[in-house]
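J.: Shown below is the structure under consideration.
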Amino acid sequence: MSVRTRFAPSPTGFLHIGGLRTALFSWLYARGHAGKFILRIEDTDLERSTEAAIQQILDGLEWAGLEHDEGPFFQTKRFDRYQEVVEYLLAQGHAYRCYCTKEELEQMRAEQVARGEKPRYDGRWRDRCDSLPGVAPAIRFKNPQEGEVIVHDVVHGRVLFQNSELDDLIIARSDGSPTYNFCVVVDDMDMQISHVIRGDDHLNNTPRQMNMLRALGAKVPVYAHLPMILGSDGAKLSKRHGAVSVLQYRDEGFLPEALLNYLVRLGWSHGDQEIFSTEEMIRLFDIADVNKSAAAFNGEKLAWLNQQHMMHAPAARLVAPLRWQLERNGVDAHDDAQLEQIVVAQRERAKTIKEMAANSLFFFRPPESYDTKALAKHVTPAVSVLVAAVTEELAMLSDWTAPAIHAVVSGFAARENLALGKLAQPIRLAVCGGTVSPPIDATLAILGRGQTLARLAAAVAVWLG
Ligand code: GLU
């Protein structure tokens, strides 16, 4: 059987962590089995679906690197097809017209509740052949009345539903519009989905969907219902827990591979390994190893993983995200080699790319002022004179590299009988405006000769007044 999975978000809200994990598991399963990953936008809820949400889903998946092989298919573009299948089910006797009015249904419901029964459609039009002139009927699926539906769920195991518990679902409303569960069925059939991997909030829809697939003579896919992601307090993950849009993680400076690594471990494990490259995930992931208990979101672990991925990635990998973050700060950084040097110098000091960018702005902007506390601590007129002198020595350097710069600065300090820090801190203050930067030799090497000498001269001029 060729593997075909799908991610089928409803664009009624942003793509968040839970949705991305569902997409990830489907994507991994397809990639690991030479299969296809299909993207389907379930936008039939016209009132709640928005263009912005669709765009945000597409952008989020793209940023995460979960590229689809087919689609995106939009359900709103498939109404003719749903209509065709409704007609087919009617013709085959698997569906029927129900002329109940809203009032009638409400009354049915009220009576059932009064009798202490579970409200459900009682099937009163199931076997009727007549019609009510002037009333537009809804179309209902003729659910089997006896027997049971067994879902052999990959995650939850065998889950049994009694057909007697399932009433005859409306598949097309009286205005002709198809309903949610029906569209899913037609799409899973037409798109030849082999594995439906989705949140376990959909498990209760599954027996109805299976019955409809069987009535259509379609192959029933394998189902895997994923446990929910909970907040650290055990409640369903919500905005309160920072369950923001996936793109916000990008904005906050997380690497997509770190976020995916974090998500894959929510409910899945491979021994006690924590750090996975995307290739490893593809190779090792199996839906059968997903745990059925809910997993809790832990922001600290995500931050830790992000740092691990930042530390271990090839430096060149971090250039594009760093440039992007710098651009967000109004910095136009185009020198890839320089950005790569910044990555190497800064990555130990930052948990996110955003933080790395914030720590690196000084490379692109001369200081507008000098940290007053640091000035008081590190700079005196005598020190300023020393900085002017070392600037002259640096100016003579033919080889502008970190080792050569180190030799000049440490040689100068030794001759002046100064601890290196006594000279390095004022130099740092002069070029960055503050006291935090990578080692001074690396800082000056990355900054370049022109900027270094200009900033040192400018600082000395200010400090000596
Ligand atoms: N559109 C559904 C959702 O966003 C998913 C349906 C499915 O995967 O079958 O929750």
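The values are calculated or read from the model by the stated rules, or taken from the named source; none is laboratory data. Model, not experiment: these values are computed from the prediction. So basically every Cβ, Gly included, is an ideal-geometry build from the backbone, and we count neighbours across all protein chains shown.
J.: For segment 1-20, what are the residues that are within 12 Å of the ligand (Cβ to nearest atom) and of a type in the set (D, E, K, R)?
T.: R6
J.: If you don't mind, there's one more thing I want to ask. Of the numbered conditions (1) in a loop (DSSP other than H, G, I, E, B); (2) of a type in the set (F, W, Y); (3) over 27 Å from the mean Cα position of the chain (by Cα), F14 satisfies every one except a single condition; which is it?
T.: Here F14 meets the rest and fails (3).
J.: For segment 352-380, name all the residues that are touching a helix residue (DSSP H, G or I) at 6+ places or on another chain (Cβ under 9 Å) and acidic (D, E).
T.: Listed by number, the residues that qualify are E355, D371.
J.: So which pairs qualify, if the first residue must be in segment 120-131 and on the phi < 0 side of the Ramachandran plot, the second must be assigned to a loop (DSSP other than H, G, I, E, B), the Cβ gap must be under 6 Å, and the two must be at least 6 apart or on different chains?
T.: Between residues of segment 120-131 that are on the phi < 0 side of the Ramachandran plot and residues that are assigned to a loop (DSSP other than H, G, I, E, B), the close pairs are R120/D167; Y121/D167; Y121/D168.
J.: Next up: Mind listing whichever residues of segment 171-193 are among the aliphatic types (A, V, I, L, M), surrounded by fewer than 21 Cβ atoms within 10 Å (Cβ to Cβ) and in contact (Cβ under 8 Å) with a residue 60 or more places away in the chain? Walk me through how you get there before you give the answer.
T.: To start, the set of residues in segment 171-193 that are among the aliphatic types (A, V, I, L, M) comprises 171-172, 184-186, 189, 191, 193.
Restricting the remaining residues to those that are surrounded by fewer than 21 Cβ atoms within 10 Å (Cβ to Cβ) gives 189, 191.
Result: M191, single match.
J.: Could I ask something else about it? Filter segment 139-156 down to the residues that are part of a strand (DSSP E or B) and in contact with a Lys or Arg (Cβ under 8 Å, 6 or more places away or on another chain) and list them by number.
T.: Here is the first cut: in segment 139-156, the ones part of a strand (DSSP E or B) are 139-141, 148-153.
Across segment 139-156, the qualifying residues are I139, R140, F141, I150, V151, H152.
J.: Given A34, A23, which one is part of a helix (DSSP H, G or I) and either of a type in the set (G, A, S) or within 12 Å of the ligand (Cβ to nearest atom) (or both)? Talk me through it step by step, then tell me what you get.
T.: Values: A34 fails: part of a helix (DSSP H, G or I).
The conditions single out A23.
Per-residue answers, yes or no, for (1) of a type in the set (V, I, T); (2) exposed (fewer than 13 other Cβ atoms within 10 Å of the Cβ):
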{"site": "L90", "(1), (2)": "no, no"}
{"site": "E111", "(1), (2)": "no, yes"}
{"site": "R120", "(1), (2)": "no, no"}
{"site": "W125", "(1), (2)": "no, no"}
{"site": "A138", "(1), (2)": "no, no"}
{"site": "F141", "(1), (2)": "no, no"}
{"site": "V151", "(1), (2)": "yes, no"}
{"site": "H156", "(1), (2)": "no, no"}
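J.: When both residues are 6+ apart or on different chains and their Cβ atoms are under 6 Å apart, which pairs have a first residue that lies in segment 93-118 and is assigned to a loop (DSSP other than H, G, I, E, B), and a second that is charged (D, E, K, R)?
T.: H94/K142
Every residue, every condition in (1) over 29 Å from M281 (Cβ atoms); (2) surrounded by 18 or more Cβ atoms within 10 Å (Cβ to Cβ), yes or no:
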residue: L28; (1), (2): no, yes
residue: E42; (1), (2): no, yes
residue: T50; (1), (2): yes, no
residue: D59; (1), (2): no, no
residue: E70; (1), (2): no, no
residue: F73; (1), (2): no, yes
residue: Y82; (1), (2): yes, yes
residue: T101; (1), (2): yes, no
residue: M108; (1), (2): yes, no
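J.: Further question: Pairs only if they're at least six apart or on different chains, beta carbon under 6 angstrom, first in segment 52-73 and farther than 21 Å from T278 by Cβ, second among the aromatic types (F, W, Y); list them, first residue then second.
T.: Q56/F14
J.: Please state which one of Y96, Y82 is more than 16 Å from the ligand (Cβ to nearest atom) and aromatic (F, W, Y).
T.: Y96
J.: Pairs please, first residue from segment 7-21 and free of Cβ contacts under 8 Å to residues at least 60 places away in the same chain, second anywhere and outside any helix (DSSP H, G or I) and within 8 Å of the ligand (Cβ to nearest atom), Cβ atoms under 8 Å, 6+ apart in sequence or on different chains.
T.: That search, which allows pairs on different chains as well, returns P9/E42; S10/E42; P11/E42.
J.: Suppose the filter is within 14 Å of the ligand (Cβ to nearest atom), in a loop (DSSP other than H, G, I, E, B) and touching a strand residue (DSSP E or B) at 6+ places or on another chain (Cβ under 9 Å); does T44 pass it?
T.: Details: within 14 Å of the ligand (Cβ to nearest atom): yes; in a loop (DSSP other than H, G, I, E, B): yes; touching a strand residue (DSSP E or B) at 6+ places or on another chain (Cβ under 9 Å): yes.
Criteria met by T44.
J.: Tell me yes or no: at least one residue of segment 236-256 is in contact with a helix residue (DSSP H, G or I) (Cβ under 8 Å, 6 or more places away or on another chain), surrounded by fewer than 17 Cβ atoms within 10 Å (Cβ to Cβ), in contact (Cβ under 8 Å) with a residue 60 or more places away in the chain and among the small types (G, A, S).
T.: Within segment 236-256, not a single residue is in contact with a helix residue (DSSP H, G or I) (Cβ under 8 Å, 6 or more places away or on another chain), surrounded by fewer than 17 Cβ atoms within 10 Å (Cβ to Cβ), in contact (Cβ under 8 Å) with a residue 60 or more places away in the chain and among the small types (G, A, S).
J.: Checking the structure you have, find out if any residue of segment 381-391 is within 30 Å of A313 (Cβ to Cβ) and assigned to a helix (DSSP H, G or I). Working first, answer last.
T.: Start the filter on segment 381-391 by keeping residues that are within 30 Å of A313 (Cβ to Cβ), which leaves none.
No.
J.: Another one. Cβ-Cβ under 6 Å, sequence separation 6+ or interchain: first residue in segment 440-465 and farther than 19 Å from A402 by Cβ and part of a helix (DSSP H, G or I), partner at pLDDT 95 or above and not aromatic (F, W, Y). Which pairs?
T.: If the second residue must be at pLDDT 95 or above and not aromatic (F, W, Y), the pairs left are A459/A430; V460/S384; V460/V387; V460/A388; W463/V379; W463/S384.
J.: Looking at segment 170-211, which of its residues are under 29 Å from N291 (Cα atoms) and more than 13 Å from the ligand (Cβ to nearest atom)?
T.: If the condition is that a residue be under 29 Å from N291 (Cα atoms) and more than 13 Å from the ligand (Cβ to nearest atom), then Q192, S194, P207, N211 are the ones that fit.
J.: Counting residues that are touching a strand residue (DSSP E or B) at 6+ places or on another chain (Cβ under 7 Å) and surrounded by fewer than 19 Cβ atoms within 10 Å (Cβ to Cβ), which helices (runs of 4 or more DSSP H) fully inside segment 302-380 reach at least 1?
T.: On the way: elements: 319-328, 336-346, 353-360, 372-378.
In segment 302-380, no matching helices (runs of 4 or more DSSP H) lie anywhere.
J.: List the residue pairs whose Cβ atoms are under 6 Å apart, where the first residue sits in segment 194-223 and is over 20 Å from S26 (Cα atoms) and modelled with pLDDT of 95 or more, the second is assigned to a helix (DSSP H, G or I) and within 12 Å of the ligand (Cβ to nearest atom), and the two are 6 or more positions apart or on different chains.
T.: Pairs found: R208/N181; M212/V185; L213/V185.
J.: Looking at segment 83-91, can you tell me whether even one residue there is of a type in the set (S, T, N, Q), modelled with pLDDT of 95 or more and in contact with a strand residue (DSSP E or B) (Cβ under 8 Å, 6 or more places away or on another chain)? Working first, answer last.
T.: Here is the first cut: in segment 83-91, the ones of a type in the set (S, T, N, Q) are 83.
Adding the requirement that they be modelled with pLDDT of 95 or more leaves 83.
Checking which are in contact with a strand residue (DSSP E or B) (Cβ under 8 Å, 6 or more places away or on another chain) leaves us with 83.
Scanning segment 83-91, I find at least one residue that is of a type in the set (S, T, N, Q), modelled with pLDDT of 95 or more and in contact with a strand residue (DSSP E or B) (Cβ under 8 Å, 6 or more places away or on another chain), so the answer is yes.
J.: Taking segment 47-57 only, how many residues are in contact with an Asp or Glu (Cβ under 8 Å, 6 or more places away or on another chain) and more than 12 Å from the ligand (Cβ to nearest atom)?
T.: Looking only at segment 47-57, we keep the residues that are in contact with an Asp or Glu (Cβ under 8 Å, 6 or more places away or on another chain), and these are 49, 54.
Narrowing the set further to residues that are more than 12 Å from the ligand (Cβ to nearest atom) leaves 54.
Qualifying residue count for the region: 1.
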